[in-house]
Structures are given as C-alpha cells and as structure tokens.
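The values are calculated or read from the model by the stated rules, or taken from the named source; none is laboratory data. Note that the structure is predicted; figures quoted are calculated from it, not measured. All Cβ positions, even for glycine, are placed from backbone atoms using ideal geometry, and neighbour counts span all protein chains on display. For accessibility, only protein heavy atoms count, side chains too; no ligands or nucleic acids. Shrake-Rupley method; radii C 1.70, N 1.55, O 1.52, S 1.80 Å.
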Amino acid sequence: MKTSNSPLALNQLSKDFCKNLKVIFSDIDDTISLEGKIPLEAYESLWSLKKAGIRMIPITGRPAGWVDHIARMWPVDAVIGENGAFYFYLNHKLGRDGKLEQVFIQTKNEREKNFEKLYAIFQNLRKKYPDLQLASDQNYRKIDIAIDFCEDVSPALPNETIHEIVHAFTAEGAQAKISSIHVNAWFGSHDKFTCCKKLLTELYQEDFDKNKNNYLYFGDSPNDEPLFREFPQTIGVKNVENFLPLMKYHPTFITTKLGGLGFAEAVDYILKNRS
C-alpha cells in the first residue's frame, strides 16, 4: 500500500512500464468522458489499446443497464459496475459475437433486501431535503442507490449537504462514495478494488499482487481512492486536482488535459513508449 504525494508529470511514467503494461483499468465519468460525452480522441484510444493487445477494463459507478451496453458495444474486455458490485463481459467461447456473462457479488435476494434498507435511508433524508433526487439512471441499478448532486439537478448541492448524505448512509452501516456527479451508497464490503481482484482471478487466472506492476488505473475523483491506494501506478486526469484536498491517496501521475482528452493524452504517451 502506498502513501500519497503530489502527482508527477505524465512524462515521468517510465518506458519500461509502458512496454510491460498488460491491463488498463479506468473510471468512465469525467475520466474517459468530458462534459458528459466521450471525446473522439478517447474513443479512438480505446481502439488503439485493443489493437496494441492491452486489455481495457472500465470500472464505473454507473448502473447495470449501462454496463450491459458498454460490455457489448465498446472495444473493451470487461466492465465493472456500480462501484464493484458486479462485472459483465462477452464470453467469446460461446459464439462469434460472444454471450454476455453477468457475475454479481451478491445474490438476487441479498440485493433486494439491501436496496429496501438503502431506500429507507434516502426517504429519511428527504424529510430534511425534500428536493433531493435519485440519479436519473437509478432504474437501471441492481445494487446501489445513487443520489444526484450535480448531473441533472440545478443548482448543484453544496459540499456540506453532500457530506451529510454520505454520513446518513455510513451511520447505518452502508458504504458511501462521492463521484464527480453522484453519492453512491451500498451495503456490502465490496468496492472497485475488490471486484477488480475477483475479475482478474476468475477471468484471467491472474493474482493482483503478483502482477500489479503490469497494471495501470485511471481515475478522477474520491471514489477512485481504493484504486489509487492499491495500484503502484495510477494516472489522474487533470480534473482530479479539484478533489485532491479531499483525498488521502492521490494518483501517481497527472495529465495536462481534462477528462477524456487527458485519458487520450496518456494512452498516446503509453503507446509511443511501447515501440
């Protein structure tokens, strides 16, 4: 486990690491996307990674419905969703285009019972904040509850309210993480990192601790801290600077560009240094 320092410039990422890189894991919102869209440069970077033989696995707080689409339609190898609650991938052993496989951390019965408890906490919060809104993608979620603080609500919720929301869930034994747009809360010990290790073991028979020097993580916000803490090499896109004062563990490197443009900047650097 590493401690935090100020992120280094991207050109400090070694050529040897770039040459030996096997897998990239990355957040999506405000890391691969920018202002709610995937820039052309970022999407082209996904295809460039595929052509280079580097596995690409997004890890997102977004819901199962979105992850279904991403796993099927994007040039990626698997997708972890709802902050580590499950992973989906196309099993190409079962047909030319692959069959979608869904691997959940919790059983269907556990998911339903936990959501009832989460929704009860949300309803209590609305007694104090009657305008509080669930995220517009809530209907597509299987595990967690997402409260919107700036994606579709205007004005954005103040930081004090956001932290009160987090406390309301954690006081009841739930986990709660702040992304760049939502507060995500869930019951269970899983997070982005635990699901990452599970996926590596089950899909690729790889042990994270033995191979971690060949892995890289991209992120932009406090809910990426479990990965910034555990991965030896991590990259934050430039907008992560907004959250560094709130975070104990920082990315190792930082891009000069925001969001998906920063992701593309880093991928371009990595691929140039592999040749």
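Karplus-derived 3J(HN,Hα) values for the range 134-151, using 6.51 cos²θ - 1.76 cosθ + 1.60 with θ = phi - 60°, are 6, 4, 5, 9, 4, 5, 9, 8, 10, 10, 9, 10, 10, 9, 7, 10, 7, 6 Hz; glycine and proline are entered as x. The phi-based Karplus calculation (6.51 cos²θ - 1.76 cosθ + 1.60; θ = phi - 60°) puts the 3J(HN,Hα) values of the range 79-94 at 9, 9, x, 6, 6, x, 7, 5, 9, 10, 7, 8, 8, 7, 6, 10 Hz, whole numbers, x for Gly and Pro. Among Asp77, Asp131, the order of accessible area from largest down is Asp131, Asp77, computed with a 1.4 Å probe on protein heavy atoms.
Each other residue within a Cβ distance under 12 Å of Val76 adds +1 if Lys or Arg and -1 if Asp or Glu, for a net charge of +2. Helix 108-128 and the longest principal axis of the C-alpha atoms of the chain enclose an angle of approximately 60°. According to the Cα-based calculation, Rg over Rh for the range 6-75 is 0.99, with Rh computed by the Kirkwood formula. As a calculated quantity, the FRET efficiency between Lys22 and Ala156 at R0 = 45 Å, using C-beta atoms, amounts to about 0.70. Remark: relative contact order (the range 122-222) = 21 percent; criterion is Cα-Cα distance under 8 angstrom and separation of 6 or more residues. In sequence order, the range 218-231 has phi-based couplings of 10, x, 8, 8, x, 6, 8, 4, x, 7, 4, 6, 9, 7 Hz under the Karplus curve 6.51 cos²θ - 1.76 cosθ + 1.60, θ = phi - 60°, and Gly or Pro positions carry x.
Equivalent-ellipsoid semi-axes for the chain (Cα gyration tensor, √(5λ), whole Å, largest first): 30, 22, 17. Distance between the 7 Å Cα→Cβ label points at Asp68 and Glu164: 3.6 nm. Springs join every pair of Cα atoms under 10 Å in this Gaussian network model of the chain, and among Gln138, Gln233, Gln12 the largest mean-square fluctuation is at Gln12. Hull volume per residue, based on the alpha-carbon atoms of the range 1-141 and their convex hull, is 192 Å³. Shown are His182, His167, whose ranking by accessible area with a 1.4 Å probe and every protein chain present, most to least, is His167, His182.
Among the listed pairs Lys51/Lys192; Lys128/Lys197; Lys99/Lys257; Lys210/Lys238, those whose Cα-Cα separation exceeds 32 Å are Lys128/Lys197; Lys99/Lys257.
Counting only the Cα atoms, the range 41-121 fills a convex hull of 105 Å³ per residue. Based on Cα atoms of the range 80-200, Rg over Rh with Rh as the Kirkwood radius reads 1.03. Using only side-chain charges placed at the Cβ, +1 for Lys and Arg and -1 for Asp and Glu, the dipole size of the range 136-275 relative to its Cα centre rounds to 540 debye. Applying both filters, DSSP loop and at most 10 other Cβ atoms within 10 Å, to the GluC sites (Glu not before Pro) of the range 195-275 eliminates every site. Here's how it looks for Leu100: its modeled amide H is under 5 Å from those of Asn91, which are all 5 or more places away or on a different chain. Enumerate by residue number the GluC sites (Glu not before Pro) in the range 22-57 meeting two conditions: DSSP loop (anything except H, G, I, E, B), and at most 11 other Cβ atoms within 10 Å of the site's Cβ. Passing both the DSSP loop test and the Cβ count: Glu35. Look at the alpha carbon pairs under 8 Å that are at least 6 residues apart: their mean separation over the length of the chain gives a relative contact order of 27 percent. Scaling the Cα radius of gyration of the range 171-266 by the globular reference 2.2 N^0.38 Å produces a ratio of 1.14. The fraction of accessible area contributed by carbon and sulfur in the range 50-96 is 52 percent, rounded to a whole number (1.4 Å probe; ligands and nucleic acids excluded). In the chain, helices alone account for a calculated mean residue ellipticity at 222 nm of -11000 deg cm²/dmol, with every DSSP H run of four or more residues adding -39,500 (n - 2.57). Short-range pairs are left out: with C-alpha atoms under 8 Å and at least six residues apart, the relative contact order of the range 185-275 is 21 percent. Roughly what % of Cα-Cα distances in the range 125-180 sit above 13 Å, to the whole percent? Everything past 13 Å amounts to 63 percent. Placing +1 on the Cβ of every Lys and Arg and -1 on the Cβ of every Asp and Glu, with nothing else charged, gives the chain a dipole about its Cα centre of roughly 860 debye.
Taking the C-alpha atoms only, the angle from helix 64-73 to the longest principal axis of the chain is near 20 degrees. Comparing mean-square fluctuations of Asp16, Asp30, Asp224 from a GNM of the chain with C-alpha springs under 10 Å, the top value falls on Asp16.
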